[in-house]
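All remarks here apply to the structure that follows.
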Amino acid sequence: MAPLQAIRIQLAGQRRLAGVLGWLVLLSGLSSLVISLHAGPLLLSALSPADLALVLQAVAILGLLLIPISGVISVTSQFAFWRGWLGGLPQPADIFLEPAVATADAASTRCTIVYLDGIHQSERDHPPKVAAFLALLESRLPSHVRLFKGLETYTVTPARLADDAGGSWFWRRLFALQEHHPNPWVSLICAVLVQANNVIKVGISSDRRYGPILNYELALKVAQRLAEQGFQPGQPPGGRPQELVLLGYSGGGEMALGMAEYLRRICRCPVRIMTFCGVFSGNQLLEQVGEIAMIVGDRDPVAAFGRIAYPGRSPLLPLSNWNKALKRGQVRRHCINGLSHNGLSGPFSDRNRTAVIAAIIGGL
Amino acid sequence: MIEQALDQLARWLMQADAGLGLVALVGLSMSLSHLFALVANRLTPRQVVSQLILDALVLSLALVLASLINMLLLRAFAGAAIDPGELLAKLGPSLIPGLFYCFVAAPYISDLIASVIWALIHLNMITLLHVHFNVSYGQALVLATPGFVVALLLVVAVFHQGWQRAYRQLASTLAPTAES
């Protein structure tokens, strides 16, 4: 057996072991939580206040350890892909080598909107409310604008979360529990875990150490999917130059800002960014990117929290990439009254979706 | 002469076995926290392991140096004559939070984790100086701070020279790659 292959097999084994250990810790934490939720009053009365305090301390410590452990496991999968252990990293120059199938749609398209969903995304298909919103948006777009949806924003490989390398069995069971378990608490915990995984990906994208790799990998994936749809990089012979608009909702806004510069270089076309209810760091390379349009709601505490959670967006750091973009006049802000982050007054609600779609189309 | 020196060294090592072991483990944990910088730059597994061990040794040395500064200050200002082995054995437990330094590898919250661990180490050092050498908390703070600052500066130097440069290099090479 070739030494390189032996090393790969050994490393694959280590990765599996690390993954199993990580999930064991996660599951033991979850089971402790479930046991404590289901514990009868008799068990609780048998515990002295000191015992309860000890149990609470243990749970708190476990929680504190779980957060960085989950982060490290998530980073490991990004780097495994980067090193080519998960099927190889495509070369940017090879993506558009195949001549695109010239469809009537592709020939008349001058602008492609790439939709990047929020942290609730677990499947390629969007949730019903988001799908209805996108269908309405698509119907109102000018004829030269095309909407590209159904992109897995939080996996670097072109796969659903349930097929993601390293954790597919875990995610499949989690989704089954989320959909079919009679106890609403279990469903809720499972939904929170999916979102926690996607929040970690948002954290990786904004991290100054790991962000470049994740954003580059995502840009490669988007470019591959665009190539499949007939996208031509640069100015096609006899055609007009295309423009890409990255439309990100919530955490998708961070992914849009992260991959914009890489996508501009890979696709050799201008790239603009639009976020609605976006939560993003603004740490990324933004100088060469086109306009950044932010559609925000005056009742959106989550997007407002992004300004606190990401110091780069604070006016106290005038040399941050985001503040430099603000100084260049690159950022345009559109506020919608009564818009919150999600739910009955969120951007996908019947009440607000028309206003959000109008703002998106107005910004094109 | 050499035999005497080696005997002395052996005595120190026996006194400081737990403390030294802890210092080495903390150094390794700190080194592990930037494992991804090595993986990102496509080093071979052998290169990654050797670089990890080298970084761990340099970081352990930084922590030992900080302890020696503490020892000198204790002798100069508190009049406590103590040999390095005993000092490491007594003050070593202050480094226990550093065993979790590998979690600095976690994305986004890494700076927060690192700050908390350094603050805990300093706090532990002050408390242990107060308990073992009968100095007031104010004096302990003055005695512990120079060593702490030196250790911090050395770790920051390793971070800038090694890991951060690796990440910067990676970020700058990705952009032309994307254009090719």
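Details
- In chain B, Cα pairs under 8 Å separated by at least six residues give a relative contact order of 29 percent.
- Across the protein chains, with a 1.4 Å probe defining accessible surface, the residues A:L188, A:L214 rank A:L188, A:L214 from largest area downward.
- Working from Cα pairs under 8 Å separated by at least six residues, relative contact order for segment A:290-364 is 37 percent.
- Note that segment A:272-277 has calculated 3J(HN,Hα) couplings of 10, 10, 10, 10, 10, 6 Hz, one per residue in order, obtained from phi through the Karplus relation 6.51 cos²θ - 1.76 cosθ + 1.60 (θ = phi - 60°); glycine and proline are x.
- Relative contact order, whole percent, for segment A:207-296 stands at 28, derived from Cα pairs under 8 Å and 6 or more residues apart.
- In terms of packing, defined here as the mean over residues of other Cβ atoms within 10 angstrom, the peptides A:52-63, B:146-157, B:88-99 line up highest first as B:88-99, B:146-157, A:52-63.
- Backbone amide hydrogens, once placed in the peptide plane, bring B:A80 within less than 5 Å of B:R75, excluding anything fewer than 5 places away on its chain.
- Counting only protein heavy atoms and a probe of 1.4 Å, the accessible surface of segment B:14-167 is 74% carbon and sulfur.
- About the centre of its Cα atoms, segment B:14-167 shows a dipole size close to 280 debye [charges on the beta carbon of Lys, Arg (+1) and Asp, Glu (-1) only; nearest 20 debye].
- In this view, the solvent-accessible surface of A:M274, computed with a 1.4 Å probe and all protein chains in place, comes to about 0 Å².
- When accessible surface is computed with a 1.4 Å probe, chains B and A are found to bury approximately 2700 Å² between them, both chains counted.
- Nonlocal amide H pairs with A:V114, under 5 Å, H built at 1.01 Å: A:F148, A:V245, A:L246, A:L247
- Positive contributions from Lys and Arg (+1) and negative ones from Asp and Glu (-1), summed over other residues with Cβ under 9 Å from the Cβ of A:V114, come out at +2.
- Burial order of peptide ranges A:219-231, A:126-138 (average beta-carbon count within 10 Å, highest first): A:219-231, A:126-138
- Helix axis angle, B:2-15 relative to chain B longest principal axis, alpha carbon, degrees: 80 degrees
- Accessible surface for A:H341 stands near 10 Å², nearest 10, in the context of the full protein assembly shown (1.4 Å probe).
- Rounded to the nearest 10 Å², the accessible area of B:Y137 at probe 1.4 Å: 120 Å²
- Per-residue ³J(HN,Hα) for segment A:136-144, Karplus 6.51 cos²θ - 1.76 cosθ + 1.60, θ = phi - 60°, Hz, x for Gly and Pro: 5, 4, 4, 5, 9, 6, x, 5, 8
- Charges were assigned to the Cβ only: +1 to each Lys and Arg, -1 to each Asp and Glu. The resulting dipole of segment A:280-364 about its Cα centre is roughly 180 debye.
- With a 10 Å cut-off around each Cβ of A:203-214, the average count of Cβ atoms from other chains is 6.
- Probe 1.4 Å, all protein chains present, accessible-area order of B:M1, B:M71, largest first: B:M1, B:M71
- Fraction of alpha-carbon pairs over 31 Å apart in chain B - percent: 25 percent
- Interchain or long-range residues, amide H under 5 Å from A:L339's placed H: A:D298, A:R299
The values are calculated or read from the model by the stated rules, or taken from the named source; none is laboratory data. This one's a predicted model, so the numbers in the text were calculated from it and none came from an experiment. No Cβ is skipped: glycine too gets one built from the backbone with ideal geometry, and neighbour counts run over all protein chains shown. SASA here: full protein model, heavy atoms, side chains in, ligands and nucleic acids out. Shrake-Rupley method; radii C 1.70, N 1.55, O 1.52, S 1.80 Å.
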